[in-house]
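K.L.:
Would you mind keeping the following structure in view while I ask a few things?
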Amino acid sequence: ETGVTQSPTHLIKTRGQQVTLRCSSQSGHNTVSWYQQALGQGPQFIFQYYREEENGRGNFPPRFSGLQFPNYSSELNVNALELDDSALYLCASSFSSGTSGSRETQYFGPGTRLLVL
Amino acid sequence: AQSVTQLGSHVSVSEGALVLLRCNYSSSVPPYLFWYVQYPNQGLQLLLKYTSAATLVKGINGFEAEFKKSETSFHLTKPSAHMSDAAEYFCAVSVSNAGKSTFGDGTTLTVKP
């Protein structure tokens, strides 16, 4: 148990719809990163939030967006869903002392499996 | 930019045998390196990490890895495999922030009785 929870565990959507995935960080963690893990591949970095501000983004289009709340829970929103968005979405929380970087361990949640039909 | 290559998408060993999972990285600056394990339908768990201290890093469950700058490698080893080690293993690299890691495609470890 890492103390990081995600909801829902599974989700089925149709192409063109919008989806919101939620993550509750480990207590005291001010940083959350989101990853997309397609079947048979490693996780790909989507973006990171530090103290409610986006702190870096991977190679994902703007229809992937996020929010981090004062209690450090967070959301990943995906608009205009495409079939290729079907994947396991992982969030990971950690503590950072600033935006420039941290070697602190990130703790992963169990993920939300999204299927787009 | 950084990248990771995991050599061998599937590795099979007998229980009690040596486990060796290979990882090579590419980075323009000194990297941070990580090994994670993922069991079916679960998230990732950190096994160990290299953050520019000792080059031989010991992790949980008897795993260790050695950072070799000249070979740009960070291979994961365990002297004696256990059935419970069967899982997917991921190597990851970061140059500034552990939360912005680049992952390899993973190696599935099978342990035969």
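K.L.:
Is there a residue in the stretch B:30-41 that is at pLDDT below 95 and over 26 Å from A:Leu88 (Cβ atoms)?
P.N.:
Yes, the stretch B:30-41 has at least one match.
K.L.:
Tally time: how many residues in the stretch B:67-106 are over 30 Å from A:Asn59 (Cβ atoms) and either more than 10 Å from the chain's Cα centre (by Cα) or facing chain A (nearest Cβ under 8 Å) (or both)?
P.N.:
So the answer is 10.
K.L.:
Looking only at residues that are of a type in the set (D, E, K, R) and part of a strand (DSSP E or B) in the stretch B:60-90, which one is surrounded by the most Cβ atoms within 10 Å (Cβ to Cβ)?
P.N.:
That would be B:Lys78.
K.L.:
Now a separate question. B:Ser26 passes all but one of (1) more than 14 Å from every other protein chain (Cβ to nearest Cβ); (2) under 24 Å from A:Trp34 (Cα atoms); (3) in contact with a Lys or Arg (Cβ under 9 Å, 6 or more places away or on another chain); which number fails?
P.N.:
(3)
K.L.:
Restricting attention to strands (runs of 3 or more DSSP E) lying wholly within the stretch A:13-117, give those where 2 or more residues are under 28 Å from B:Thr107 (Cα atoms) and hydrophobic (A, V, I, L, M, F, W, C).
P.N.:
Answer list for the stretch A:13-117: A:19-24, A:31-37, A:44-50, A:87-94, A:112-116.
K.L.:
Which members of the stretch A:39-60 meet the condition of being surrounded by fewer than 19 Cβ atoms within 10 Å (Cβ to Cβ) and out of contact with any Asp or Glu (no Cβ under 8 Å at 6 or more places or on another chain)?
P.N.:
Hits for the stretch A:39-60 are A:Leu39, A:Gln44, A:Arg51, A:Glu52, A:Glu53, A:Glu54, A:Gly56, A:Arg57, A:Gly58, A:Asn59, A:Phe60.
K.L.:
Right, here's the next one. Only one of B:Leu21, B:Leu47 is more than 28 Å from A:Gln48 (Cα to Cα) and not in a helix (DSSP H, G or I); which?
P.N.:
B:Leu21
K.L.:
Checking B:Pro40 against (1) within 14 Å of chain A (Cβ to nearest Cβ); (2) assigned to a strand (DSSP E or B), only one condition comes out false. Which one?
P.N.:
(2)
K.L.:
Still on this structure, please answer the following. Hey, among B:Leu48, B:Leu44, which residue is touching a helix residue (DSSP H, G or I) at 6+ places or on another chain (Cβ under 8 Å), touching a residue at least 12 places away in the same chain (Cβ under 8 Å) and either within 24 Å of A:Cys91 (Cα to Cα) or not hydroxyl-bearing (Ser, Thr, Tyr) (or both)?
P.N.:
From the options B:Leu48, B:Leu44, the qualifying one is B:Leu48.
K.L.:
Among the numbered conditions (1) of a type in the set (D, E, K, R); (2) within 14 Å of chain B (Cβ to nearest Cβ); (3) closer than 20 Å to A:Pro8 by Cα, tell me where A:Asp84 comes up short.
P.N.:
Of (1) of a type in the set (D, E, K, R); (2) within 14 Å of chain B (Cβ to nearest Cβ); (3) closer than 20 Å to A:Pro8 by Cα, only one is false for A:Asp84: (2).
The values are calculated or read from the model by the stated rules, or taken from the named source; none is laboratory data. Values in this document were obtained by computation on a predicted structure and should not be read as measured data. FYI the Cβ positions are ideal-geometry reconstructions off the backbone, even for glycines, and counts take in every protein chain you see.
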